[in-house]
1. If you average the alpha carbon positions of the range 19-65 and of the range 206-235, how far apart do those two centres end up, in angstrom?
2. For the range 196-340, what D do you get in µm² per second when you plug the Kirkwood radius from alpha-carbon pairs into Stokes-Einstein at 4 °C and 1.567 mPa s?
3. Using a cut-off of 11 Å between beta-carbons, work out the net charge of the residues near residue 124 (Lys and Arg +1, Asp and Glu -1, residue 124 not included).
4. So what's the projected area for the chain, the Cα convex hull averaged over all directions, in nm²?
5. Which order, highest average first, do 264-272, 149-157, 188-196 follow once you tally other Cβ atoms within 10 Å for each residue and take the mean per peptide?
6. Return one quarter of the surface area of the convex hull spanned by the alpha-carbon atoms of the range 100-146, equal to its mean projected area, in nm².
7. Tell me, in nm to one decimal, what length is gained between residue 68 and residue 115 on full extension, where the rule is 0.36 nm per residue of separation less the Cα-Cα distance?
8. Could you compute the FRET efficiency for residue 318 and residue 90, with r as their C-beta to C-beta distance and R0 at 35 Å, rounded to 0.05?
Amino acid sequence: MLAFGVLWSAAQPTSAEASGVFLLYHHIDTTTPAVTSTTPDDFDAHLEWLAVNDFTVWPASKLIAGLRAGSVPERTVAITFDDAYASLLEHAAPKLAARGWPFTLFVATGPIGQRGYLSWADLHEVLKLGGELGNHTASHTHLQRRPPGETRDAWEARVAEEIDGATKALRERLDVTPTLFAYPYGEYSAEVQSIVRAKGLVGFGQQSGAAGTRSDFSVLPRFSLSGVYGKDLDAFATKARTLPLPVRGPLPEPIALEPRPTLLLTFDPDFDPESLACFGPGGRMDIDLDAAGRARIRPVADLPPGRSRYNCTSRTATGRYHWFSQLWIMRRSDGTWLPE
């Protein structure tokens, strides 16, 4: 069974409802850190597979509009990039433009112009090549962290300034006012999510899974294709064809308060939870089903400090997968955060 991942929220659509897949890249390069990089050859293979299999490629904003309207072509993806690395313009954007495919770049504005990052002039070129720009904060900080001694009001003001500062820079330098937002590191809390929602932004995590008409548009999922996750073309094909897992109801706060939190999932009535398989710390997870078809899911090992996920999939009769992933963020025992 497959085991890839991160979060949803709220109720998820069934396979009969409109859905689409957001793909996530960082570096497209062979000389950058492997964990955040996809090689140009692997990226080319992904694009060729999408073309051969007649996929529709929309910018993230158009796919969002289609999901909200309940009208998305059967095979539709949006290609997104985080951080505005220089390799985007060298190894990715021209290839997408040559195919007539749009893309979405989430920009952390503070590093723009520094070594390894695009410049403001480069971002003008990105726009010419069919890219749309989203907000990725000013400094690419861990938004959910509140250092000791920082008041709640001061923390909220700082988070707001991270988001508003990036929007201001994009507006002043490029005449772009972003409506899309990507959480740095894919991390958030319910409080951060509320701030993003209050600003009228559509939010994205780094959690895997497809998005549907009933997804939570303040924390949409994306399949990360960096490192080992971009190497296997069969796995890429599985992800591109994925459907949302038909989960109903609110999901838990991702800040873990215990080492083995239970995830309770409630499904649409026509979904058979017997086909569900979930993976997390320690491997395949224990699933207890009650008479109402709800699943209680617990890991077989403690969450490690930092980010981790429970990943659940269910294979359909046609070989496609319903996919869900729940983000957890665990502090150290002394209350400090990882990774630093």
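Since every read-out is calculated from the coordinates, none of them should be taken as a lab result. Note that this is a predicted model, so its numbers are computed, not measured. In this analysis, Cβ positions are derived from the backbone assuming ideal geometry, glycine residues included, and neighbour counts consider all displayed protein chains.
1. 11
2. The Stokes-Einstein estimate is 79 µm²/s.
3. -1
4. Values: hull surface 66.5 nm².
That works out to 16.6 nm², a quarter of the Cα hull's surface.
5. Answer by packing, highest mean first, reads 188-196, 264-272, 149-157.
6. 3.9
7. Here the answer is 13.0 nm.
8. Calculated transfer efficiency: 0.35.
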